[in-house]
Every structure is written in C-alpha cells, then in structure tokens.
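The values are calculated or read from the model by the stated rules, or taken from the named source; none is laboratory data. From a predicted model like this one, the values you see are computed outputs, not experimental measurements. Backbone-built Cβ (ideal geometry, glycine too); neighbour counts: all protein chains shown.
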Amino acid sequence: MKHIIAIIFSLISITCFAQISFLHAGMPGVFSPPSVLTLPDGGYIKIKKENAKNKGRSWNSYTVIVTVFKYDKDFKLTNQVQLPGANIYSGRYTELRKIGSKYWLIYLEGQDNDTVGDIKAIEINPATLAITEPKVVAPSTLLNYTIKSAIRAYQLHFLTRSSPSDKYVCLYVRLAGNEFYISCLDENLNRKWSKKESIEFGGTEAGTGLCSLEVDDAGTVYFGYTVKSGPGYFIYSPAGKSVSKSVNLPEASAKEILFNTEKNTGKVYVYGTYKEHDNCKGVFKGELNAKGEITSVIKTLFPPSVLEPLDKEGWANTREKKYGIHPKFNAFLTTLDDGSVSLLAEFYLAIPTSVNHAGSVLYARFNNSGASFGRAPKYWAGYGFPEYIFDGEYEQGSYYYAYPYGSKMILFYFDNPKNISRDISLDAEVLKPSNQILIAAIVDPDGNIKRQVITPMPINYLSTTGTTVPAGTIQIPLVIDNNDVLVNVNTQ
C-alpha cells in the first residue's frame, strides 16, 4: 500500500529528512475554477484579479483590482475595462457568474474594520462592458459577523448555485465555526429570503460540513451536509421555511448526499456513495418524493476493475468482508452536456506534519439501471495540500479539473510520464513534480478512458492576433497555479 509505505518513510525522515524531502520535493499543478465565460456570439468574457496595494493588518485589507476582458471566438482581445473603486473587491471572494442571459460580478466588499461586509453584485453588459450600480445581495447587518484574525478569515467559504433554468439563485456563506448564512435570490439577484443558522459540523476538517447545495425552478433549496455521525439534509421552501431530514438507505449508510434537480421534469434526485461497515461499497441514486423522503434507491457495486488497482494504491480493499474503497475522498456531481449525471471523487490522505497523498480520480456515470465506472490513475505524495472540505469547491484548488463535453467527461491532471504507456488497469506510478506532464483523459459513457499529453498556452491578455484551433480539437480555458491558460484537446 503506497501511502502506508510513505508514512513509514515519513517517520524515518526524522533522522533522514534530506532523502525524503528530495523524493517528494515540490507539488503538482493545482487547478482552480476558470474565470472565463462564453458569450452568445461565441466569444468570451473573463476577469483578472490583481492584488491591490493594501494598507492595514486586518484580513479585510486584502483586496484586489478587477479588470474585465472581452475576447472573440479566437481569443483575440476586443475590449477591456478596469472596474472603478479602490479597496472594494475582497480577495476572499470575487467571482464572475452568468445567470440566465446576464453576467454578474459578485463580491464581498472590503471594510476598514474586522466586520464581514456586504456581498454585492454588479451587472456587466457583455457588449460594451459597461456596469450597473452595485446591488446589495447579502447585507452586512444580516451576516452580522466579525473576524478578529486573518487565519480565521480563511474559514469563510462562499458558494452560489443556480436553478436549472436560472430562475433562482442560492447563496451560502460558511462563517467561522458552525454558523452559516443562506439565502434564496431571484434571477435578478433580489433577495427572497435569508437565514443565519448553525449546525454542529464538528470542525472544519475534511468530511464535515456542506456537501451539496441545489435550488430548483420553484425556488426550493436542498442543503445536504455531513457531520461526524453521518449525512443529513434540509429542505427550504420557497418562503424559507425549513424541514430537517435524515438519510435512510436500504441495508447501507450514505457517506454523503448530493442533490441534482432536473430542468424539464422538476424532479429532484439524490446521489452519493454508500457504506457497509467502514468502507464504501458502491454508489447510489434515489428520488425525493413529495414528503422530501429518499425513495426508489438503486445501488451499484464498485466493480473489480476499479477496486483492484485502487487496492494496490492503498485506497481500497478487495477482501470479501472489507470489500470497498476507503472513505478518503470528497465526491461531487456534475451534469454533462447531454443531461446525464456523473459523480467524481479524488482520493486523498492528509497526515499532519507528514507526507500527504493525492490519488486517482474515480468516475461514476449514472444510468437507468445503475452506473458505469472509470478511473483516471495518478498518485502523488509530498508536503502541502489543498483544502478538501467544501462541496467539491476546493478553497485552494484541486489536483484535477473536470470539463463536461457532450456525453463525455474530460479530466485534466498532472501525471508521471510513465503512466501514459502503462496499462490503465494497473496502479499508478508515483508522480514527481519535477518531471510532471499535463494530461487530458477523455472518459466515454461506459467509463473507458483515453489519455493524451497536452501543452498549456498562457492567455495573452493583450492579444491582438488570437489563437488557432487545429482541426479535430477543442480549445478549453483552464486556471493552473493561478495562471490563465488555454489547452487544445484532440477529441477524435
């Protein structure tokens, strides 16, 4: 088992630190959600955030300068505008979102004190990049929170979710400790209701906290969470009234609960992985009935083709009594372009003051009878780690990025060059960041994976020539180590 061996190595490093630090020096590239959105004419709009010259020691003094860029379909720059104002846009939360046909910059407003300020939104005209007056989305008076240290400020987490037809938006702010703010907005970001609540999550460690947030086109909000005793969920009515539900699966327990709302039918489905004893044996899909209860549950076992290599990597067990994968992962859902739903999970093991581990990506695509599975093999062990605690929205980035493409999924990650020619059914060779390559793994509906090496190209913010996309490829924007890049992926 790779990570057990590495743990032993880390203990030996007390006397042989130089050798171990040499073996595990550096980190693989880290992915963040792209800040590039498509325009109706096929062009793009994006924001660039640059640190402002801040004064003061408060966490609120960390603000950014925001510039909006507009490109044509070939990434040729056609317009750019630096948004006005100094020390306004907080470095803790500033994002560009498309809701319906409108483009919004949503941000936490910086303050001169330790108070969590207003969350505001500015509409950006995609044709001219002109902006509207800021709109208060969540008033500071309702958030009603003060943070005294910069370290505690990093416990702040922000998440927005839109309904399938963008009729409603849900805003979630996890404040320090167990408190959080939740609100439902209409399509123009006018507040319908808001609440400040508290759950005994059990700390900010991985595996506790919000695991799913969705809102449907009727304005009903679904809030799935995990505490040390297991998962549960709240359902908020369009008026903000909530009911609490426990998760009951037939002859199993859920590791997490992940919601998905269908656009055309209005049905709400529940997905996740399920456990028997200590390990996860497979995935499940259920449907919420009119009472908000999980019904019509279909469970699908992980196949040996997935478990056997994961067992060799230390993430699973193939013995009959312990059959399953260890619950050392964060799972989240993504909807493909064809409307189908897939679950993604990256394995990780964080060991305080020791070597940490990031493993393969598990892929499960749900169908009417169960699910098909795939696995993108990779393995890294070293120091430093993203913060894996928040609904698949990793605060400090992730070691992979998922991009839906038609009925397929493209997974981006850095890998050891040896793994490209190595049988994909085998355990992964350990990645050395000094020799890493960027991989695009295309997963088909049956879980089969084809891998290719790709070369990232930095986005030139002032490009007057644009880029050329070779025949048979698609161009995808990524953010790697906080740098905006473009990649061409062969889809043939």
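Tell me the residue from 408, 432 that is modelled with pLDDT under 90, on the phi < 0 side of the Ramachandran plot and surrounded by 15 or more Cβ atoms within 10 Å (Cβ to Cβ), please.
Within the list 408, 432, the selection yields 432.
Just checking, how many residues over the stretch 125-135 are over 17 Å from residue 77 (Cα atoms) and in contact with a strand residue (DSSP E or B) (Cβ under 7 Å, 6 or more places away or on another chain)? Working first, answer last.
Step one: filter the stretch 125-135 for residues over 17 Å from residue 77 (Cα atoms), giving 131-135.
Restricting the remaining residues to those that are in contact with a strand residue (DSSP E or B) (Cβ under 7 Å, 6 or more places away or on another chain) gives 131-132, 134-135.
Result for the stretch 125-135: 4.
Somewhere in the stretch 142-163, is a residue touching a residue at least 12 places away in the same chain (Cβ under 8 Å), surrounded by 21 or more Cβ atoms within 10 Å (Cβ to Cβ) and in contact with a Gly (Cβ under 6 Å, 6 or more places away or on another chain)?
no
In the stretch 32-44, which residues are at pLDDT 90 or above and either part of a loop (DSSP other than H, G, I, E, B) or within 21 Å of the chain's Cα centre (by Cα) (or both)?
The answer is 36, 37, 38, 39, 40, 41, 42, 43.
Checking the conditions here, which among 253, 212, 183 is in contact with a Gly (Cβ under 8 Å, 6 or more places away or on another chain), part of a strand (DSSP E or B) and buried (at least 17 other Cβ atoms within 10 Å of the Cβ)? Steps first, answer last, please.
On the way: 253 fails: buried (at least 17 other Cβ atoms within 10 Å of the Cβ); 183 fails: in contact with a Gly (Cβ under 8 Å, 6 or more places away or on another chain).
Result: 212 is the single residue among 253, 212, 183 that is in contact with a Gly (Cβ under 8 Å, 6 or more places away or on another chain), part of a strand (DSSP E or B) and buried (at least 17 other Cβ atoms within 10 Å of the Cβ).
Grab the strands (runs of 3 or more DSSP E) fully contained in the stretch 394-464, keeping just those with 1 or more residues being of a type in the set (Ser, Thr, Tyr), within 20 Å of the chain's Cα centre (by Cα) and under 24 Å from residue 365 (Cα atoms).
Details: elements: 400-405, 408-415, 437-443, 449-454.
Hits in the stretch 394-464: 400-405, 408-415.
Conditions tested, residue by residue: (1) in a strand (DSSP E or B); (2) without any contact (Cβ under 8 Å) to a residue 60 or more places away in the chain.
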| site | (1), (2) |
| --- | --- |
| 92 | yes, no |
| 112 | no, yes |
| 117 | no, yes |
| 129 | no, no |
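Criterion first (within 24 Å of residue 41 (Cβ to Cβ) and crowded, with 16+ Cβ neighbours inside 10 Å) does residue 99 satisfy it?
Values: within 24 Å of residue 41 (Cβ to Cβ): yes; crowded, with 16+ Cβ neighbours inside 10 Å: yes.
Yes, satisfied.
Do you know which residues across the stretch 50-59 are buried (at least 18 other Cβ atoms within 10 Å of the Cβ) and not hydroxyl-bearing (Ser, Thr, Tyr)?
52, 59
Considering only the stretch 411-429, state which residues are surrounded by fewer than 15 Cβ atoms within 10 Å (Cβ to Cβ) and within 19 Å of residue 488 (Cα to Cα).
Once the filter is applied, which keeps residues that are surrounded by fewer than 15 Cβ atoms within 10 Å (Cβ to Cβ) and within 19 Å of residue 488 (Cα to Cα), the stretch 411-429 yields only 420.
Do the conditions hold for residue 259, that is, is it buried (at least 18 other Cβ atoms within 10 Å of the Cβ), over 20 Å from residue 119 (Cα atoms), in contact with an Asp or Glu (Cβ under 9 Å, 6 or more places away or on another chain) and hydrophobic (A, V, I, L, M, F, W, C)?
Yes.
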